[in-house]
Amino acid sequence: MKDGREMGACAPSLKDLDHVELQLLLGQISLNKGDDRHAFEMFALAARSGRAKALNMLGRAYERGWGVKRNPTQAIKYFDYAAQKGEGWANFNLADLYLSGDGVACDPKQAFAHYVLAAQRGVNKALNMLGILHEQGMVTGKKDFDAACLYFTAGAEGGDCWAAFNRGRLAAEKKEYNDASFWLRRSLSLEFPGSCYAIKDYLENTPSKILHSILCEVNAYLAQKHQEVQISS
């Protein structure tokens with residue numbers, strides 16, 4: 001499924017949707033089916049309402065090139081509109097673009113400000129990114145592992161698999177293996193394939209018996225998923 005993260009994990013009942021929400025849902029369904037052109041048409045139609053979520057999704061279409069020529073500059077315009085209306089995911093998306101310098105000059109401080117707003121507006125994934133910025137010293141120019149740990153912990157407790165992975169990684173690097181085990185297992189419990197592979201790669205040569213047991217669990221989990229895919233196909 002394509003990354004329509006801003007749409008939410010569960011679709012509401014159709015009878016509860018108004019026409020704009022229905023257009024957004026149809027756009028997401030089209031994305032999942034690989035019909036990017038129809039997805040773009042639905043997001044563009046929904047965005048005429050001026051609603052923040054619709055503006056953000058149209059920005060995502062331009063950012064990712066869903067049914068339209070990729071145009072990060074145009075994406076920023078719609079993200080800005082949506083962020084001004086209080087859409088946290090628009091702040092998150094702006095932060096990503098400022099951090100990568102995609103369609104705008106690279107500006108970690110602007111990225112930080114938008115991740116903060118995104119987190120304040122309920123986007124838990126922003127906490128993980130704030131942790132990364134502190135860990136890499138992109139906020140003040142000096143690496144701050146204590147602040148990074150706090151952000152990763154908050155993100156992990158909120159259910160973000162990457163924050164849990166990074167919290168466990170920091171603990172492992174300090175040889176706090178019991179703590180690392182707890183957070184890496186938390187990440188694994190969220191069953192997101194990308195983080196599972198990250199855990200596998202990170203633990204491949206671990207000297208810790210405790211963490212090696214997690215590696216065995218990850219390998220078993222990925223083998224099971226691979227088998228399920230083969231059976232279903």
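The values are calculated or read from the model by the stated rules, or taken from the named source; none is laboratory data. Computed from a predicted structure; not experimentally measured. Methodologically, a virtual Cβ is constructed for each residue, glycine included, from the backbone with ideal geometry; neighbour enumeration extends over all protein chains shown. Remember, those area values only see protein heavy atoms, side chains included, never the ligands or the DNA or RNA. Shrake-Rupley method; radii C 1.70, N 1.55, O 1.52, S 1.80 Å.
Observations on the structure shown:
- Each peptide in 186-197, 57-68 receives the mean, over its residues, of other Cβ atoms within 10 Å, and ordering these scores from highest gives 57-68, 186-197.
- When restricted to Cα atoms, the stretch 99-233 yields an Rg and a Dmax of 16.4, 51 Å, respectively.
- Accessible area ranking (1.4 Å probe, heavy atoms, ligands and nucleic acids excluded), largest first, for LYS225, LYS85, LYS33: LYS33, LYS85, LYS225.
- Take every pair of alpha-carbon atoms less than 8 Å apart whose residues are at least six positions apart; their mean separation over the length of the stretch 51-177 yields a relative contact order of 15 percent.
- Share of alpha-carbon pairs per 5 Å distance bin for the stretch 29-158, given as whole %: 2, 13, 18, 20, 17, 14, 9, 5, 2, 0
- For the stretch 135-178, the dipole from Cβ point charges (+1 on Lys and Arg, -1 on Asp and Glu) about the Cα centre works out to 160 debye, to the nearest 20.
- According to the calculation over all Cα-Cα pairs in the chain, the P(r) per 5 Å bin from zero is 1, 7, 12, 15, 15, 15, 14, 11, 7, 3, 1, 0 %.
- Relative packing of peptides 113-119, 91-97 - highest average C-beta neighbours within 10 Å first: 91-97, 113-119
- Within the straight-line cut-off of under 29 Å between alpha carbons, the lysines reachable from LYS174 are LYS109, LYS125, LYS142, LYS143, LYS200, LYS209, sequence neighbours fewer than 8 places apart in one chain being disregarded.
- Average Cα contact separation per residue, the chain, under 8 Å, 6 or more apart, as relative contact order %: 8
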